[in-house]
Amino acid sequence: MDHYLTLPGWGIAFVQSFLYIALAPLLVGWVRKVKARLQNRRGAPLLQAYRDLYKLLAKEVRVAHTASPLFRAAPYIVFTATWMAAATVPLLVVDLPTAAIADIIVLVGLLALARVFLALAGMDVGTAFGGMGASREMMIGALAEPAMLMAVFTLTMTAHSTNLSSVIDQHLADGFMLRPSYLFALGGLVLVAIAETGRIPVDNPTTHLELTMIHEAMLLEYSGRHLAMMEWAAQIKLLLYGTLIANVFLPWGIGRGVSAAALGLGLAAVLAKLAVLGVALAVGETVLAKMRIFRAPAFLNLALLLSLLGLLSHVILEVGA
Amino acid sequence: MTMETALALAGLAVVLALTSAAVSLLAKRVPATLRTVATPLLGLAGLAALAAGLAALVLGGSIQTTLPLGLPWLPWHIRLDALAGFFLLLIGVVTCAVGLYGPAYVRGFEHSEDSLTALGGFSGLFVTGMLMVVLADDAFLFMVAWELMSLSSYFLVAYHHEHGANRRAAFLYLLMAHVGGLMILLAYGVLAAFGTGFSFNELRVAQLPPMWAGVAFTLAFVGFGMKAGLVPLHAWLPAAHPVAPSHISALMSGVMLKVAVYGFIRVVFDLIGEFPWQWGVAVLSIGSVSALYGVLAAMMQSDLKRLLAYSSVENLGIIFIGLGLSLLFLSTGFRALGALAFVAALYHCLNHAVFKGLLFLGAGAILHSTHERDLDQMGGLLRRKPWTGLFFLVGVLSISALPPFNGFVSEWLTFQAALQAWQLESGVLRSIVPIVSAVLALTGALVAATFVKVYGVAFLGQARSRHVRRARRGPWGMQAGQGWLAVLCLLLGAFPTWAIQLIDAVPREVLGSGLPQAGTHGWLWLTPVSAQTASYSGPLVVLMLAGIGLTAFWGLNHLWARGAPVRWVRRGDAWDCGFAPPSPRMQYTATAFAQPIRRIFGLLFTIDESVTEQEDGTTRHRLKIGDRFWGWLYLPIADAVESAAKRVVRLQSGSVRVYLGWTLATLVGLLWIIT
């Protein structure tokens, strides 16, 4: 562990965590652009997400009379927890101090913290839509979180460590080895990522129909910079899941050690991988329709089953083999 | 400080608790004694127990003595060691909070019909019983103290006996406590049959054949499991805990269940000491079922205190998952991993005592100012009771296992222990552990959903009834009791390394191996197995969360706001997508919030739901959720007892001669057995 805790390590961890908040709107813009092209639309410019955030940040905040102080604190807590969770996922290089502060279980815990405050904020004003969104979000979260934990446990059992850097190191050291457990875990994690980031077929980020909303329903009462923080957190979460899938399952290109070349290569590699994942997401969202809300449990049970199969196939087939 | 002083402090705690009980006798004449003397004395007893436990853990030794009480050939043995010290600490922490909280709370009873003497007297005896169970060093004193604890808590459950439902709950509790007590007695009997006496030292060296060890384990597991409320023996718990006065509920859920865990650890880990892996699997399975069933049942409830009681079933399940993992690792020779799982279980014991105590005290504060336990009548309490709201939020985050609070640390440790399952030789065991950890993960996520429901419905939104709208801040004593536990929640979450170094004395004493590597990287880093395997820095997570959050808040509200052309925050009506202004009745209720989960896991419960149209044109929704275990386990037993009773009743002829005949026949039969 001590070799993580170096001064350059802290410096790069700092830079990397700011890259997360800087790049998050870009990924969303990219997905929207690709999706628009697939649907024969021209779509908004790539940088539109940044402009939206800027616009929201400059706007006046409107808060309901019935809102408690929790309503005003929640955007900052959600943003901070999501950002911290993201900071523990290696983006450019591995072996950073952030990975030692918080391992993969803490990452899941921080995301849960953000979700709990999001749901509480949804219930705070006391509108019917807010409660509905919170109830649905917690239902999805309750089923998605165990699936996510099982998927990452498959990786951590292989690496004998819950530290994400060690997991990636192990995967790189193994070379390209086709492990059945990894495929199951990948399947499970992709399904979880779709559900947790509120994408089609579980939730529709662009919906305007309140009764079908999950994530958006909790944000209905937010405006101005509060809304900006919430939106930004959601974008960071998408980037987080994308990076997790890209760098853990396909770690090639990620930098090892602190040098300009490693950082440059790491950045190029992760951007390329995220661009491909973004296209995949856009294609998926174009060809699939949103499910009924009560089909979502079946979707998430599949994710849990896949992840558990991954873990079981690891402990039965791969350990000791 | 020496162990003698620690033992003296523990003795002082017992004496103070007994004095509190004795002083309460005056409460009939002078009602204020309960508030001004008896309850604070209970708090002081807690403080003494806390100090004694802390000293025993820090010093790490053990001290034994005998009291000139008990049977002529078996004086009462007393022993204070690390295990006893840890549980003394746990009892002390919650009792302290109750001592702070109680005076203001019992004031509400001064003008009611209920007997204050009974409340104060049995509270004192209850705490005495729990302290004595932990200090006992022979089976006789253990059983005496255990019964004292069970009986005095029966009277506290039956405190509001004017309601029939409460009497039934208390009777069920008494019945199950006694069946459990009988099992524990028999377990000691089996151990003693192969030993030389009833003191724990003699029981510890008893050589049991494997089959009899299995019998003793089963009896102890059922007996202590019944008290701990493990599924399927949990039925008394959600009935009994909610009906006691709230500060007693905090003691029952927070502490008494842990005394059962103490008994299980003492008998299985300490006295029996050697175990096959099958025991680990048994404990793991029962623990997992309890955890999952407990949280689902909690999710279904709308009664706040009943919900908290079901959540205790869930948490005890998590504790037993830790103990099961420990048994599994120890029986297969992984002593260090066994110690890790053991520490995780103990840590969760302490955490659960703290946050469940806090939540019950919070529920009591709501009950105190609104006379309401039904979540569907609450709402908007955060603005009316800001301190209770804040402390309750800390409890909610802790119990939901969210970083950086304490519940997260113990769950993290349990996961770390489970993730070492790859080291096990047997493929079957290797695959059981991941399934258990999946259950644990599902449980954790459902707990978060349950407590978002509780907090969102009770404290946020708008008040759903008039008396809740009139709720006011409570007295400072009640807030101080909650505040003390809330601060502990944060401290135990932020500085896990220190807490584990303190707890470490227990596995070193009971199992012979501790977690020496947990704090090798300093107090900042928690590395339970090795730094390579896993590390967590509670202080840095707290620091970063607070730092980033406050910076963002300050930056956006002050730096960025400078020169803003318009007012920066404006209050208005809720937008609600432009529909009519929402009324409190349009909010999601607790029942509505749980509906998706109820729909997914409905098969586990008997759900009776109907919507009927009334004559005046309004519709009425009725929902009744039952525990399936009633039909599976309890009703068949009750029916069997009843039909057996019907057969036996034929003996009751009313003639004295026939009865004398039966007595004679029994006597002859017994003599025949003896000879």
Point to revise | Search result, residues across the stretch B:400-432 that are within 11 Å of chain A (Cβ to nearest Cβ), farther than 19 Å from A:THR156 by Cα and at pLDDT 90 or above | key: B:SER400, B:ALA401, B:LEU402, B:PRO403, B:PRO404, B:PHE405, B:GLY407
Exercise for review: State whether the residues of the stretch A:54-75 include one that is more than 7 Å from every other protein chain (Cβ to nearest Cβ), at positive phi and charged (D, E, K, R).
Suggested key: no
Point to revise | Filter result for B:VAL190 (of a type outside the set (S, T, N, Q), open to solvent by 10 Å² or more (accessible area, probe 1.4 Å) and touching a helix residue (DSSP H, G or I) at 6+ places or on another chain (Cβ under 9 Å)) | key: yes
Exercise for review: Quick one: which residue in B:LEU131, B:LEU141, B:LEU116 is under 18 Å from B:LEU16 (Cα atoms) and touching a residue at least 24 places away in the same chain (Cβ under 8 Å)?
Suggested key: B:LEU131
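B:THR128 - would you say it is open to solvent by 10 Å² or more (accessible area, probe 1.4 Å) and over 16 Å from the mean Cα position of the chain (by Cα)?
Answer is no for this residue.
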Check your understanding: Looking only at residues in the stretch B:622-643 that are open to solvent by 100 Å² or more (accessible area, probe 1.4 Å) and over 28 Å from the mean Cα position of the chain (by Cα), which one is nearest to B:ASP376 (Cα to Cα)?
Key -> B:ARG622
Exercise for review: Evaluate the following for B:VAL439: is it over 22 Å from B:HIS467 (Cβ atoms) and open to solvent by 10 Å² or more (accessible area, probe 1.4 Å)?
Suggested key: yes
Exercise for review: With a cut-off of at least 1 residues that are under 18 Å from the mean Cα position of the chain (by Cα) and on the phi < 0 side of the Ramachandran plot, name the helices (runs of 4 or more DSSP H) lying wholly within the stretch B:381-453.
Suggested key: B:386-399, B:406-418
Practice item. Determine which single condition A:TRP83 fails, assuming it passes every other condition in (1) open to solvent by 10 Å² or more (accessible area, probe 1.4 Å); (2) over 30 Å from A:GLY257 (Cα atoms); (3) at the interface with chain B (Cβ under 9 Å from one of its Cβ atoms). Key: (2)
Point to revise | Extreme residue, most open to solvent (accessible area, probe 1.4 Å), among residues of the stretch B:463-479 that are part of a loop (DSSP other than H, G, I, E, B) and within 10 Å of B:GLN377 (Cα to Cα) | key: B:ARG464
Check your understanding: Is it fair to say B:VAL541 is open to solvent by less than 60 Å² (accessible area, probe 1.4 Å), within 30 Å of A:ILE21 (Cα to Cα), at pLDDT 85 or above and within 11 Å of chain A (Cβ to nearest Cβ)?
Key -> yes
Check your understanding: Which of (1) under 17 Å from the mean Cα position of the chain (by Cα); (2) open to solvent by 20 Å² or more (accessible area, probe 1.4 Å); (3) touching a residue at least 12 places away in the same chain (Cβ under 8 Å) is the odd one out, the single condition A:LEU46 does not satisfy?
Key -> (1)
Revision key, fill the gap. Scanning the stretch B:493-509 residue by residue, those open to solvent by 20 Å² or more (accessible area, probe 1.4 Å) and part of a helix (DSSP H, G or I) turn out to be B:TRP498, B:GLN501, B:LEU502, B:ARG508, B:GLU509
**Study point:** Residue ID - farthest from the chain's Cα centre (by Cα), chosen from residues in the stretch A:147-163 that are facing chain B (nearest Cβ under 8 Å) and either over 19 Å from A:LEU113 (Cα atoms) or modelled with pLDDT of 95 or more (or both)
**Key:** A:HIS160
Practice item. Out of B:GLY626, B:GLY617, B:GLY602, report the one residue that is among the small types (Gly, Ala, Ser), more than 19 Å from B:ARG464 (Cα to Cα) and in a helix (DSSP H, G or I). Key: B:GLY602
Check your understanding: Within the stretch A:174-192, is there a residue that is within 19 Å of A:GLY29 (Cβ to Cβ), in contact with a His (Cβ under 8 Å, 6 or more places away or on another chain) and surrounded by fewer than 24 Cβ atoms within 10 Å (Cβ to Cβ)?
Key -> no
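Look at the stretch B:510-522 and say how many of its residues are within 14 Å of another protein chain (Cβ to nearest Cβ) and surrounded by fewer than 22 Cβ atoms within 10 Å (Cβ to Cβ).
Going through the stretch B:510-522 one residue at a time, the tally reaches 5.
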Review point. Counting just the residues of the stretch B:365-380 that are more than 14 Å from every other protein chain (Cβ to nearest Cβ) and not in a helix (DSSP H, G or I), which one comes out surrounded by the fewest Cβ atoms within 10 Å (Cβ to Cβ)?
Key: B:HIS371
Practice item. Would you check if there is a residue in the stretch B:564-586 being outside the structural domain of B:ALA458 (by TED's automatic domain parsing), modelled with pLDDT under 85, touching a helix residue (DSSP H, G or I) at 6+ places or on another chain (Cβ under 6 Å) and over 30 Å from A:SER17 (Cβ atoms)? Key: yes
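I'd like to check something: does the stretch B:535-542 contain any residue that is free of Cβ contacts under 8 Å to residues at least 40 places away in the same chain, part of a loop (DSSP other than H, G, I, E, B) and within 30 Å of the chain's Cα centre (by Cα)?
Yes, because at least one residue in the stretch B:535-542 is free of Cβ contacts under 8 Å to residues at least 40 places away in the same chain, part of a loop (DSSP other than H, G, I, E, B) and within 30 Å of the chain's Cα centre (by Cα).
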Check your understanding: How many residues does the stretch B:33-63 contain that are out of contact with any Leu (no Cβ under 8 Å at 6 or more places or on another chain), in contact (Cβ under 8 Å) with a residue 60 or more places away in the chain and open to solvent by 70 Å² or more (accessible area, probe 1.4 Å)?
Key -> 1
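The values are calculated or read from the model by the stated rules, or taken from the named source; none is laboratory data. From a predicted model like this one, the values you see are computed outputs, not experimental measurements. Methodologically, a virtual Cβ is constructed for each residue, glycine included, from the backbone with ideal geometry; neighbour enumeration extends over all protein chains shown. Note: areas computed on protein heavy atoms with side chains; ligands, DNA, RNA excluded. Shrake-Rupley method; radii C 1.70, N 1.55, O 1.52, S 1.80 Å.
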